[in-house]
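These notes are about the structure you will find just below.
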Amino acid sequence: SLGSQKKMQISVSQSYFFQFLIKTFSFKNILEIGTFTGYSALSMGLSLPDDGNIICLDINKKTSEIAKNFFKKAKLENKIQIIIGPAIETLKKLKEQKKLFDLIFIDADKENYINYYEKSFGLLKKQGFILIDNVLWYGDVADPSKNDHLTNIIREFNSFIRKDDRIARTILPLGDGITICRKI
């Protein structure tokens with residue numbers, strides 16, 4: 001059991017929502033920043049067409065091995081690739097390779113959310129989606145008495161997104177809050 005780390009996984013309602021988006025828009029190329037034990041990638045992978053694929057970026061070798069085992073069990077190892085290393089570096093490489101994605105899911109270290117978002121934006125197809133997890137931060141972002149480091153980082157990110165006129169956006173209260181951005 002993952003115990004307290006379980007909150008690092010997306011919720012079941014988020015996973016159904018991702019599957020709905022993938023099927024509705026016939027997405028084929030997905031990028032995930034922050035994979036943990038692979039639950040979100042697995043959920044998305046199950047909805048992909050035969051020629052679909054997911055590239056996962058994560059820095060943790062141990063949890064990535066767990067994820068790989070799950071992908072194998074689900075017979076998705078050919079659709080999902082994990083690249084281990086600092087995501088910012090990998091994002092630069094993907095840009096050099098002129099990779100483009102239909103959907104990008106950001107769920108990694110909160111300190112780099114703005115960096116991940118900005119680097120991801122250049123990898124997103126027109127009309128593509130960026131989904132960002134944990135934007136409600138257990139409700140703390142709306143509580144003025146909460147001013148810890150991570151709460152403030154999420155607040156700063158939310159206000160950054162609010163001002164971005166390259167996207168249409170909304171926050172859904174699924175799981176711990178998910179921001180949906182569509183490139184316009």
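The values are calculated or read from the model by the stated rules, or taken from the named source; none is laboratory data. The structure presented is a predicted model; accordingly, all values stated were derived computationally and were not measured. Positions of Cβ are backbone-derived with ideal geometry, glycine not excepted, and every protein chain shown enters the neighbour counts. For accessibility, only protein heavy atoms count, side chains too; no ligands or nucleic acids. Shrake-Rupley method; radii C 1.70, N 1.55, O 1.52, S 1.80 Å.
Would you mind computing Rg(Cα) / (2.2 N^0.38 Å) for the range 89-164, counting N as its residues?
My calculation over the Cα atoms of the range 89-164 gives 1.21.
In whole Hz, what ³J(HN,Hα) sequence does the range 41-51 give by Karplus (6.51, -1.76, 1.60; θ = phi - 60°), x for Gly and Pro?
Here the 3J(HN,Hα) series is 4, 4, 4, 5, x, 5, 9, 6, x, 4, 9 Hz.
If I stretch the segment between THR24 and GLU65 completely, what's the gain in nm (0.36 nm per residue apart, minus their alpha carbon distance), one decimal?
That pair, THR24 and GLU65, stretches by 11.7 nm at full extension.
On the accessible surface of the chain, probed at 1.4 Å, how many percent belong to carbon and sulfur atoms?
Of all accessible area on the chain, carbon and sulfur atoms account for 56 percent.
For GLU96 and LYS73 in the same chain, what is the full-extension length gain: residue separation times 0.36 nm, less their Cα-Cα distance, in nm?
5.0 nm
Could you provide, to the nearest whole Å², the per residue accessible area of the chain with probe 1.4 Å?
Normalised by residue count, the accessible surface of the chain is 51 Å².
Provide the gained length on full extension for the span ARG166 to LEU46, in nm with one decimal, where the gain is 0.36 nm per separating residue minus the Cα-Cα distance.
Gain in length upon complete extension: 40.2 nm.
Using the Karplus curve 6.51 cos²θ - 1.76 cosθ + 1.60 with θ = phi - 60°, what ³J(HN,Hα) values do you get for each residue of the range 153-163, in whole Hz, with x for Gly and Pro?
Taking θ as phi minus 60°, the curve returns 5, 5, 4, 4, 4, 4, 6, 4, 5, 4, 8 Hz for the range 153-163.
Taking all pairs of different Cα atoms in the range 1-99, averaging 1/r and flipping that mean, what Kirkwood radius in angstroms comes out?
The Cα-based Kirkwood calculation yields 13.8 Å.
If you take the charge dipole of the chain about its Cα centre, with +1 on Lys and Arg Cβ and -1 on Asp and Glu Cβ, which of GLN19, PHE129, ASN29 is farthest toward its positive end?
Among GLN19, PHE129, ASN29, the one farthest towards the positive end of the dipole of the chain is ASN29.
Among ALA108, ALA168, ALA142, whose mean-square fluctuation peaks in a Gaussian network model of the chain (Cα, cutoff 10 Å)?
ALA142
Could you tell me which of the pairs LYS62/LYS126; LYS62/LYS119; LYS23/LYS68 are separated by over 29 angstrom between their Cα atoms in the structure shown?
Over 29 Å apart, Cα to Cα: LYS62/LYS126.
Under a GNM of the chain (C-alpha, springs under 10 Å), which listed residue has the highest mean-square fluctuation: GLY45, GLY34, GLY139?
The residue that fluctuates most here is GLY139.
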